[in-house]
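Working notes, beginning with the structure itself.
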Amino acid sequence: MVTSTATWTSDPGEHYWLKNVKSSFRIPVYLPSLCVRRGRSIAEVTSVSSDLAGLIVLLSSIASRGSIEFVNGSIARAPDGKVVVSLFVDYTDSGLSAEGLANSLGGIGVVEGLSVNGYLTGGVTINKHLFPLLLGGNRAVAFSVEVLGGMIDHLRERLGEAANTLLYDLGRQYGVLFTRQVREETGLTFDELAQISLAELQAAGWCVVEGYSGDPVKRFWRIIVKDLFECAKRRSGSNNSHFFRGVVSGLLGEAYGSQDVSCIETLCAGNSTNSCEFAAWV
Ligand SMILES: [Zn+2]
């Protein structure tokens with residue numbers, strides 16, 4: 001644990017970690033869980049191999065024929081060191097059946113294990129292998145932002161303003177526990193811990209961190225995020241980010257070893273701006 005007697009050594013202006021997660025382009029990441037292409041022949045193809053380069057050459061040669069389209073997928077290294085490539089493919093134009101597709105891939109030496117999961121119903125298939133989902137090294141679950149937003153709306157309808165207090169409290173606890181986990185994994189403290197934790201939330205799809213500045217002497221922080229899941233595309237006419245406001249306060253409090261944190265959202269994308277801005281006193 002961080003003790004209250006420890007000194008705050010980081011000046012955010014000197015080594016601004018979050019500048020390294022700024023980017024002029026963003027790449028959507030497709031978690032290959034469900035594929036829908038009505039009227040098409042689609043399948044999930046999962047291959048296991050010890051030879052990554054050989055597997056990539058094989059997949060390249062299939063792609064170069066043009067008759068099998070790779071829709072999306074993932075590549076990972078299994079605990080036994082083997083490489084697992086899991087793809088959704090559209091093989092309508094290949095003239096193959098799902099069995100034919102399996103035979104054409106399975107007969108090649110570099111592939112040590114193969115599973116071809118044909119469509120469950122016309123033009124709809126799922127991935128039956130990818131489990132559990134890991135974020136960094138920790139098990140995670142993915143929520144649909146639309147569904148989560150609907151759940152939050154429902155909570156507000158049921159509880160009124162009390163829902164925002166509850167969301168803030170839940171967010172704060174998330175911020176504390178998540179930042180503690182990041183510290184145990186990385187050994188970082190103070191501002192480095194706060195910044196890397198925020199950067200990991202960005203990598204997990206929560207938001208894009210547009211600005212971060214802090215003054216450890218005045219104990220004041222300002223954080224600006226864009227496309228926050230809680231607010232983006234949800235114009236409610238008021239500030240929405242009660243959960244994330246709690247996360248910011250828990251995250252900074254845990255990073256700086258302080259229980260006495262307050263955080264307000266000064267501007268919100270759910271109200272009138274394109275980004276959400278937070279001011280926190282630690
Ligand atoms: Zn907001």
Query raised in the report: Going by how many other Cβ atoms sit within 10 Å of their own, how do Val29, Val208, Val45 line up, fewest first?
Result: Val29, Val208, Val45
Report summary line: Subtracting the Cα-Cα distance of Ser64 and Leu31 from 0.36 nm times their residue separation yields 9.5 nm
Requested in this report: Take the alpha-carbon centre of the stretch 149-217, take the same for the stretch 53-114, and report the distance between them in whole Å.
Outcome: 39
**Report entry** Residues Thr125, Thr266, Thr179 arranged by fewest to most Cβ contacts within 10 Å
**Finding:** Thr266, Thr125, Thr179
**Report entry** Efficiency of FRET between Phe131 and Leu166 - r from beta-carbon atoms, R0 22 angstrom, step 0.05
**Finding:** 0.10
Query raised in the report: Tell me, Phe244, Phe190 in order of fewest to most beta-carbon neighbours within 10 Å?
Result: Phe190, Phe244
**Report entry** Around Gly122: net Lys/Arg minus Asp/Glu count, Cβ-Cβ under 10 Å
**Finding:** +3
Query raised in the report: What number, rounded to the nearest 500 deg cm²/dmol, is the helix-based mean residue ellipticity at 222 nm of the chain, given -39500 (n - 2.57) per DSSP H run of at least four residues and division by all its residues?
Result: -10500 deg cm²/dmol
Query raised in the report: Using modelled backbone amide H atoms (1.01 Å from N, in-plane), which distant-in-sequence or interchain residues come within less than 5 Å of Tyr212's amide H?
Result: Ile224
Requested in this report: Pop out the Kirkwood hydrodynamic radius of the chain from its pairwise C-alpha distances, inverse of mean 1/r, in Å to one decimal.
Outcome: 21.6
Query raised in the report: Using DSSP loop states and a limit of at most 10 other Cβ atoms within 10 Å to flag trypsin sites (Lys or Arg not before Pro), what is the longest stretch of the chain containing no flagged site?
Result: 39-217
Report summary line: Thr186 and Thr92 label points (each 7 Å along its Cα→Cβ direction) are spaced in nm at 4.4
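Every read-out reported here was derived from the displayed coordinates using simple, explicitly stated rules and does not represent laboratory data. Just so you know, these numbers come straight off a predicted model, no measurement behind them. Please note: Cβ atoms are built from the backbone with ideal geometry, for glycine as well, and neighbour counts cover all protein chains shown.
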